[in-house]
Amino acid sequence: MLFGLPIAQIVLFGFALSNEVKNSRIAVTDYSKDPVTTQLIDKISSSSYFNIQRNLTSATQIDAAFKKGDIRMAVIFPPNFSTDLTHTGKATIQVIADASDPNLATTITNYITRIVGDFNTTTALSAGQPLQILPEVQMLYNPELRGAPNFVPGVMALVLMLVCTMMTSVAIVKEKELGTMEILLVSPFKPIYIIISKLTPNLLISIVNLFVILILSALFLDLGVKGSIVLLVFDSMLFILTSLSIGLLLSINAKTQQSAMMASLMGMMLPTMLLTGFLFPIENMPWPMQVLANLVPSRWYFIIVKRVMLKGMGFGAVWKETLILAGMCFVLFAVSLRKFKIRLQ
Amino acid sequence: MKTLLFLLEKEFRQILRNKGIVRMLIIAPVIQLILLPLAADYSVKNISIAVVDNDHSTASQRLIGKITSSGYFKLAGYTGSYKAALSLVEQDKADLVLQIPTHFERDLVRENAQKLYIAINAIEGTKANLGGAYLSSIIQDYNQEIRQDWHTTATVSIQDAPQISMASSNWYNPFMNFHLYIVPAILVTLVTAMASMQTAFNIVQEKESGTIEQINVTPIKKYIFITGKMIPFLVLGIIIFTLGLLVGWIFYGIVPVGNLWVIYISLIDYLFAMLGLGLLLATYSATQMQAMSLSFFFINIFNMMSGAFTAVDSMPGWAQAIVQTFPPSHFIKIMRMVVLKGSGLADITYGLAAMFVIGVVLNTWAVINYRKTA
């Protein structure tokens, strides 16, 4: 279970998650039904971005369709569209987006603007419209906007960190709960040996997990390690050790397995997920959240994986992040060693 | 019925006895709900752009000025070559590159058309989408402007072609406030983690400490025992959810447009399904460690795939089919619909029915799988 579950997640997310917005369901209302509107509607429906769902005729119908979640956008062509266009040289399409999802609304509004813009350009070119600026857009690294290149490093950071923290914290607290910790403590072992022997199995499991994840993403997700594998593994070990130390620290403060789990799952899961930076860009956050994000080890590891694995950059590009991880690891481990109680109350 | 009451008394005492856990169950979600929406802000306004200006003309300066003053972009730097700009992208210092070709201004006037080259770092898809969107609309505006300004000076004959323009409006969230979108989802995520996990841990804890044996030898029926386990967590879930709604109102000013009853009916339907999952996980795990690994697995998948932070619509068909079996995906959708758009019961019947069916399946499975002979 320790092996299977993290790996299953990476593969699932790698295949399933994507940022490409396509086949958005929209409604089209054409009051004009003339050659120009028909041509435009054809253009819209032939693009892969949109999926024309149905024709709606009134604002109440549009509202109802939005409320049911049937459509994302409504496009309305007013009456006398092409007459206006030829006589006054102007015609306006009304576009209503369901902005309850603001980003999707922005993106699809832009898609439709682009389609209409293209249409304008073609008619303008044939009419000799002056001064055309034609932007040519190229998507680097990930032209199909697959989710995997962003989500695999992100989920790797998230899963490794949480699994390591949880396993360690619970494993130690369990011994406390069962009373076997006392036996260890009265033995002549030094506390550091107890800690190291507790951490080693988890470290090994995590390293195996790491390798399986790397192999799977190279085989199935087309995400091989472009940079130095030694560097990646070294930084991963540093990151795993840091996470294990967090678990250690949690276990020292927790009395029962349940409270250790609560702290590591309820307390850490969502913050880690959001502050790692793979779901929401950290530079967008208000500064207190940025400070908080800087304290999350997975934030630094995520940067390292992206640079070394995806972009193939060397140590020169990640030395700062590596140093931060090393510092965190050292501080956490030292603090938990100091606080590790050799006597039970 | 009387047995159930006694069982409930036992459960409530047991839960409330552990003050630390109760405090954590209440405080952790509240604090996270206050803070995390600040982190989950995708109203992109800090896209870094590297500019390769090979033209150095007034036209190119004007375009760059327009881009930087738009508020969406910040200048990561001017570079002499495309290669240097690309290395800024590689170091994550720039998100996109705008390349203005040599003689842009001159040829625009001479040949009447010129190209601009934009390269976007597409690893972060949403940012790429939005960045590209903002930049092309700025360029379009710019194009319109110079067309008007140069109208008289341009050497070519002007013949105004018909223009189709767009009037776009954004319903339900006219100011594009991202918090409105994300707070309901984070609330659901927090309730999810609490509801299914706590039920599972609670039962497995009884297994581990052996107290479940004591109940197994009593004549208490399976389903009564399980109902007794579920009701306290149902109540706790409703309390946490209510606190969450209050936090959303106080800190983010979110007042549900729809009816509160619709929200609570959906919540109970949802908790029924999620507690069922917790029970089922408990019947499959012998130790708390196992219960934890299993619930971590499910909760993580729910968080990542239920549409809270990623788009379900963008997933391939098979994945969308799987997501249909996740109760949180339905509840998040319902929450957003009711809170933002004011959808009523009739609009959300599909989601409600789906959660109910999932709930019945999970609970039945759990009752069958729970053996009194441990």
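The values are calculated or read from the model by the stated rules, or taken from the named source; none is laboratory data. Quick caveat, the model's predicted, so the values are computed rather than measured. Quick reminder, even Gly has a Cβ in these numbers, built from the backbone with ideal geometry, and neighbours come from all protein chains shown.
Descriptive notes on the structure:
- Exactly one residue out of A:N202, A:N209 is free of Cβ contacts under 8 Å to residues at least 60 places away in the same chain, within 14 Å of chain B (Cβ to nearest Cβ) and not in a loop (DSSP other than H, G, I, E, B), and it is A:N202.
- Assessment of the stretch A:276-294 against the conditions (buried (at least 21 other Cβ atoms within 10 Å of the Cβ), in contact (Cβ under 8 Å) with a residue 24 or more places away in the chain and in a helix (DSSP H, G or I)) yields no matching residue.
- Index of the failed condition, A:P188 passing every other in (1) within 30 Å of B:G132 (Cβ to Cβ); (2) at pLDDT below 85: (1)
- Verdict on A:T106 being within 30 Å of B:R110 (Cβ to Cβ), polar (S, T, N, Q) and at the interface with chain B (Cβ under 9 Å from one of its Cβ atoms): no
- Among the residues of the stretch B:299-346, those identified as closer than 22 Å to B:G278 by Cβ and outside any helix (DSSP H, G or I) are B:S306, B:G307, B:A308, B:Q324, B:T325, B:F326.
- In the stretch B:301-312, the count of residues that are facing chain A (nearest Cβ under 9 Å), surrounded by fewer than 23 Cβ atoms within 10 Å (Cβ to Cβ), within 30 Å of A:E177 (Cβ to Cβ) and not polar (S, T, N, Q) is one or more.
- Residues of the stretch A:67-77 include at least one that is in contact (Cβ under 8 Å) with a residue 24 or more places away in the chain and more than 36 Å from the chain's Cα centre (by Cα).
- Filter result for B:A128 (facing chain A (nearest Cβ under 7 Å), modelled with pLDDT under 80 and farther than 30 Å from A:V152 by Cβ): no
- Checked against (1) in a helix (DSSP H, G or I); (2) away from every other protein chain (no Cβ under 14 Å); (3) surrounded by 14 or more Cβ atoms within 10 Å (Cβ to Cβ), A:V225 passes all but a single condition, namely (1).
- Residues being within 23 Å of A:L241 (Cβ to Cβ), touching a helix residue (DSSP H, G or I) at 6+ places or on another chain (Cβ under 8 Å) and in a helix (DSSP H, G or I) - total across the stretch A:295-333: 25
- For the stretch A:40-60, the candidate set comprises residues that are assigned to a helix (DSSP H, G or I), of a type outside the set (S, T, N, Q) and without any contact (Cβ under 8 Å) to a residue 60 or more places away in the chain; within that set, the residue that is farthest from the other protein chains (Cβ to nearest Cβ) is A:D42.
- Criterion violated by A:T123 - all others in (1) in contact with a Ser or Thr (Cβ under 8 Å, 6 or more places away or on another chain); (2) at the interface with chain B (Cβ under 10 Å from one of its Cβ atoms); (3) more than 29 Å from A:M309 (Cα to Cα) satisfied: (1)
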